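Take a look at this one; I'll ask things after.
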Amino acid sequence: MPDDPASSADACQLVRQLAEEHYYAALDLVLEGHHEQAVEEYRQSVAADPRFTDALHGLSRALQDLNRLDEAIEISKQISEIDPDDILTHTSLSILYQKKGMVPEAEAEGNKARVLGWKQQLKKGSGTDSSRDGRG
């Protein structure tokens, strides 16, 4: 007997809701300066939904704030595996590598972020508009 699609959707929604509850709790803890506790909330959020990139970004940043740079790099790499076109991930990796003195790696990640930014601009059609050049 096949699974009921409605109950499967409900389960996914409950998992996401749990992940978001931990995510928002982590954000509050960061605002209060409780980065260690925020890391635990972010980890619980990611445990509930391993593809929740907002929680992964928050976890990476909280780890960075605690100067746990190697862990932050590993989390950022996870985000990159989930979403290779995430500009923030490559920017974060560039910053993390720079803080560790890994200049070539930092520059490589910074370049990836720049190229992705240019690609996104081109996709949005931010190029020239022929109606503005006096011919259209």
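All of the numbers you see were taken from the coordinates with simple rules; none came from a lab. This is a predicted model, so every value here is computed, not measured. Methodologically, a virtual Cβ is constructed for each residue, glycine included, from the backbone with ideal geometry; neighbour enumeration extends over all protein chains shown.
Suppose every Lys and Arg Cβ carries +1 and every Asp and Glu Cβ carries -1, with no other charges. What dipole size does region 10-122 come out with about its Cα centre, to the nearest 20 debye? Spell out each step's value before the answer.
Numbers: 11 positive and 21 negative charges, 101 e Å.
Taking the Cα centre of region 10-122 as origin, the dipole is about 480 debye.
Set the bar at 30 Å for Cα to Cα. Now go through Lys99/Lys124; Lys99/Lys119; Lys99/Lys123 and name every pair that lies beyond it. Intermediate results must be reported in sequence, preceding the final value.
Working: Lys99/Lys124 33 Å; Lys99/Lys119 27 Å; Lys99/Lys123 32 Å.
As for pairs spanning more than 30 Å Cα to Cα, those are Lys99/Lys124; Lys99/Lys123.
Per-residue ellipticity at 222 nm for the chain, helices alone: DSSP H runs ≥ 4 residues times -39500 (n - 2.57), over residue total, nearest 500 deg cm²/dmol? Mind dumping the intermediate values first?
Numbers: 6 runs with 102 residues, N = 136.
Result for the chain: -25000 deg cm²/dmol, rounded to the nearest 500.
Could you calculate the FRET efficiency of Arg114 with Ser8 from 1/(1 + (r/R0)^6), where r is the beta carbon distance between them and R0 is 41 Å, rounded to 0.05?
Values: r = 40 Å, r/R0 = 0.98.
Step by step, r from the Cβ atoms, then E = 0.50.
For Rg and Dmax of the Cα atoms in Å, which listed value, (1) 15.3, 51; (2) 19.3, 65; (3) 14.6, 47, comes from the coordinates shown?
(2)
Find the centroid of the Cα atoms in region 1-72 and in region 79-118, then give the distance between the two in whole Å.
Result: 22 Å between the Cα centres.
Mind checking the full-extension length gain between Glu105 and Arg51? Use 0.36 nm per residue of separation minus the Cα-Cα distance, one decimal, nm. Let's see the in-between values first.
On the way: separation 54, 0.36 × 54 = 19.44 nm, distance 2.49 nm.
Net length gain for the segment: 17.0 nm.
Continuing with this model, one more query. With a ≥ b ≥ c taken as the square roots of the eigenvalues of the C-alpha gyration tensor of region 61-121, please select rounded if a/c is under 1.5 and otherwise prolate if a/b is larger than b/c or oblate if it is not? Present the calculation step by step, with values, prior to reporting the outcome.
On the way: a/c = 2.35, a/b = 1.48, b/c = 1.59.
Since a/c reaches 1.5 but b/c is at least a/b, the shape of region 61-121 is classed as oblate.
Fewest to most neighbouring Cβ within 10 Å: what's the order for Leu63, Leu122? Display every interim value, and only then the final one.
Values: Leu63 23, Leu122 10.
Listing Leu63, Leu122 from fewest to most nearby Cβ atoms yields Leu122, Leu63.
Which residues make up the longest stretch of the chain clear of trypsin sites (Lys or Arg not before Pro) that lie in a DSSP loop with no more than 14 other Cβ atoms within 10 Å, not counting the sites?
Numbers: sites that count: Arg51, Lys100, Lys124, Arg135.
Counting only loop sites that pass the neighbour cut-off, the longest clear stretch is 1-50.
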